[in-house]
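Only one structure is covered here, and it is reproduced in the block below.
The values are calculated or read from the model by the stated rules, or taken from the named source; none is laboratory data. Keep in mind it's a predicted model, so treat the numbers as computed, not measured. For neighbour counting, all protein chains shown are included, and Cβ atoms are generated from backbone atoms with ideal geometry for every residue, glycine included. Each accessible area value is taken on the protein alone, full model and side chains, heavy atoms only, with ligands, DNA and RNA left out. Shrake-Rupley method; radii C 1.70, N 1.55, O 1.52, S 1.80 Å.
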Number of protein chains: 4
Amino acid sequence: MPVSQYAVDVALRWSDMDAYGHVNNVQFLRLLEDARVAALADWLGNHDMLDSGIVVNRHEIEYLAPLVFRPAPVRIRLWPTAITATGFDVAYEMVDPPEVGTGLYARAESGLVAFDFDTGRPRRLSADVRDRLRDLSGETVRFRWRRR
Amino acid sequence: MPVSQYAVDVALRWSDMDAYGHVNNVQFLRLLEDARVAALADWLGNHDMLDSGIVVNRHEIEYLAPLVFRPAPVRIRLWPTAITATGFDVAYEMVDPPEVGTGLYARAESGLVAFDFDTGRPRRLSADVRDRLRDLSGETVRFRWRRR
Amino acid sequence: MPVSQYAVDVALRWSDMDAYGHVNNVQFLRLLEDARVAALADWLGNHDMLDSGIVVNRHEIEYLAPLVFRPAPVRIRLWPTAITATGFDVAYEMVDPPEVGTGLYARAESGLVAFDFDTGRPRRLSADVRDRLRDLSGETVRFRWRRR
Amino acid sequence: MPVSQYAVDVALRWSDMDAYGHVNNVQFLRLLEDARVAALADWLGNHDMLDSGIVVNRHEIEYLAPLVFRPAPVRIRLWPTAITATGFDVAYEMVDPPEVGTGLYARAESGLVAFDFDTGRPRRLSADVRDRLRDLSGETVRFRWRRR
C-alpha cells in the first residue's frame, strides 16, 4: 500500500496487444517506463538529477490480471522506496482509473542508480533529492508470485 | 550456473536502442521472449502443451552491462527451474556468443503457468512434460541486485 | 487540406525515440495506427464494419520535421478519401495541438480494404457506410517528396 | 525487378504479430529498417557517409500477402534507385528465402537524404559514393495499389 497516492495515467496503444489479444507482458514494462519518465521529471525536476543520470539495474514484475486494449488509459501508482546514498527503487501498481473499473493488473519494482556518465560510476544523491524522495516514499512491494 | 547449456541466439535490431544509444532495458525482455518462444517449442513440442497454454505470471531481470546494437546476435542461455505440478520458471543469462566476446549482459527469471483457456484455470503438467523439463533443469538465478 | 477537421490526439512515449534522439520514422506509422483505430471506431461504429474487417494494403508517408518526445501529444488530423465500392484511403496530417505549437511533422495516406475473413475476399461497403465516409471525406494528400 | 540481387535476411520476432495473428503492417517497415541499416553499412562503409548522416524523408509500402511468425527469416531484396546529388531511394521486396517458399509479402520504397547535422542542411554525396550506388542500382518500384 503506498503512503503516497502519486499516479500517472498512461494511454494504451492497440499494438500493445500480442497475438493472444491481450496487452503483451513485456509491454507492461513499457507502460511503467512512461509513468516513471513522467514521475522522475516531476519528483526530481531538471536540476541536480537529469533523467540521463539514472540507470535501471533491475526490474521485477508480477501479472495479476489480463489487460485488453481500450481507449481508456491505465493508472500507474508509483512511489520511491528503499532509498540509499546512490539510488532508490520505484514501486508500481497498475490499476484502472476509478471511473473505468477496479482492476489491479500488475505490481512491479525497478532498481534505479544515480550514475555519472563522465566518470562511468555511480554517484551520490544530494541531500535535497533524498529528502524529496523520502517525502514521497512508501513500502516495498509484497509480491504474490515470488518463489523464494 | 546452468547444468544444461541450452542456448538460443537472438538477432538485435537497430531499433532496440533507445535515445541513450543502448539497447533499452525493456527490449532485453523482448529478446528473452524470443528465446523462450524458441525454447518452449523445442522443449515441449506441440503435443500436450501448446504455446498458447502457457501464461507468464512474473519476470525478474537484472542488468549487468550496457549493450549496443551490432550485427552479431546475443546468446541467451535458458533452462527450466522450480518445476511444480502446474508450472515452472525459466532462468536466463544473456551473453556474447564466444566468437564475439565474453560479455554478460543480464540475468533473468520468468514464472510460467500452464493454463487451460477453456476453463480459465491453471492445469497440471503431464508427467512426460515434467520429466523432460527436469532433464533440462538447472539452478535458480542468484540475483546480484535483489534488495531483499 | 481536409474539408473535415476531425482529429485525434495521440500521446508520445519516451521509447518512440531512437538512438538519434528523435521519434523514429517507423513509430510515426505507429502513432497514425492509433489515430486510425480511434477514428474508425468513431466513424463506422461496431455495426456493419468491425475493425477486424478492414485490411491495410498500402501506406505512404512523408516526413516534414523532426519530432522529439515531450509530455504533450501530437494531433493527427485524418479523413477518408478515394472511397470506392470495397474500400477507401485515410489521409493524415500530424501536427502540434494549437496550445503546443504550429509544427507540421508528417503527411500520410493508408489504403484500406473491407475484407470478409470467412471467404478471404474483399467485400462491398454498405451504402450507409459509404454515405458516412463521404460526409467526412476530403482531398487526397499532395506529397512534397514523391518522386514520380 | 532489381538488376542487383543484393538481399538481407531478417529474423522475425514473435511480437511482430498483432492481435490479428499476422505480422503487423507497421512492423514490416521495422523489418525493412534493419535490412537498410545492414545494407547501408555494407554499401557505403563508414568512410564518407556515416549512418547518422542519412535521413529518411519518405516511405511507401504496399502489402501483398499476410505474413505469420515463423522461425525462418524473411529475405529483403533492396537496391538504390533514383540517385541524385544529395540522396537516393531504396527499393525493397520482402520475400521468402528460396528454401522456405515463394511468398512475396511487400514492395516498398524509402527516400533518403544525405544530411549534415552540423549545418542542419542536406549535403552532396561524393562522386565515389554515387558511383558505388549506381553499380548497385535498379528500377524504381511499380506499385500495384498506388491510387494515382
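Could you list, in sequence order, the residues of the stretch C:97-124 that are assigned to a loop (DSSP other than H, G, I, E, B) and within 12 Å of another protein chain (Cβ to nearest Cβ)?
Of everything in the stretch C:97-124, those that are assigned to a loop (DSSP other than H, G, I, E, B) and within 12 Å of another protein chain (Cβ to nearest Cβ) turn out to be C:117, C:120.
Of everything in the stretch C:78-116, what is in contact with a strand residue (DSSP E or B) (Cβ under 7 Å, 6 or more places away or on another chain), within 16 Å of residue C:131 (Cα to Cα) and open to solvent by 10 Å² or more (accessible area, probe 1.4 Å)? Give them in sequence order.
Answer for the stretch C:78-116, where residues must be in contact with a strand residue (DSSP E or B) (Cβ under 7 Å, 6 or more places away or on another chain), within 16 Å of residue C:131 (Cα to Cα) and open to solvent by 10 Å² or more (accessible area, probe 1.4 Å): C:82, C:86.
Would you please name the residue that is farthest from residue C:56 (Cα to Cα), looking only at residues in the stretch D:117-136 that are open to solvent by less than 60 Å² (accessible area, probe 1.4 Å) and in contact (Cβ under 8 Å) with a residue 24 or more places away in the chain?
Among those that are open to solvent by less than 60 Å² (accessible area, probe 1.4 Å) and in contact (Cβ under 8 Å) with a residue 24 or more places away in the chain, it is D:126.
Return the pair list, or none, for Cβ contacts closer than 6 Å from residues in the stretch A:78-96 that are assigned to a strand (DSSP E or B) to residues that are open to solvent by 10 Å² or more (accessible area, probe 1.4 Å) and of a type in the set (Val, Ile, Thr), at least 6 apart or on different chains.
A:81/A:140; A:87/A:113; A:91/A:141
Do we find a residue being away from chain A (no Cβ under 14 Å), at pLDDT 95 or above and under 15 Å from the mean Cα position of the chain (by Cα) anywhere in the stretch D:40-55?
For the stretch D:40-55, residues away from chain A (no Cβ under 14 Å), at pLDDT 95 or above and under 15 Å from the mean Cα position of the chain (by Cα): absent.
Being open to solvent by 50 Å² or more (accessible area, probe 1.4 Å) and closer than 26 Å to residue C:89 by Cβ: is that true of residue D:139 here?
yes
Among the residues that make up the stretch B:75-93, is at least one of them under 16 Å from residue B:10 (Cβ atoms) and in contact with a His (Cβ under 9 Å, 6 or more places away or on another chain)?
no
So that you can scan it fast, the table gives a plain yes or no per residue for (1) closer than 22 Å to residue A:122 by Cα; (2) surrounded by fewer than 21 Cβ atoms within 10 Å (Cβ to Cβ); (3) touching a Cys at 6+ places or on another chain (Cβ under 7 Å); (4) modelled with pLDDT of 95 or more:
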{"residue": "A:15", "(1), (2), (3), (4)": "no, yes, no, yes"}
{"residue": "A:20", "(1), (2), (3), (4)": "no, yes, no, no"}
{"residue": "A:25", "(1), (2), (3), (4)": "no, no, no, yes"}
{"residue": "A:60", "(1), (2), (3), (4)": "yes, no, no, yes"}
{"residue": "A:63", "(1), (2), (3), (4)": "no, no, no, yes"}
{"residue": "A:73", "(1), (2), (3), (4)": "no, yes, no, yes"}
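May I ask you to list pairs of residues, at least six apart or on different chains, whose Cβ atoms are under 7 Å apart, with the first in the stretch B:59-73 being away from chain A (no Cβ under 14 Å) and the second being of a type in the set (Val, Ile, Thr) and in a loop (DSSP other than H, G, I, E, B)?
If the second residue must be of a type in the set (Val, Ile, Thr) and in a loop (DSSP other than H, G, I, E, B), the pairs left are B:72/B:100.
Considering only residues that are within 13 Å of chain D (Cβ to nearest Cβ) and in contact with a Leu (Cβ under 6 Å, 6 or more places away or on another chain), look in the stretch A:5-28 and name the one that is nearest to residue B:33 (Cα to Cα).
A:26
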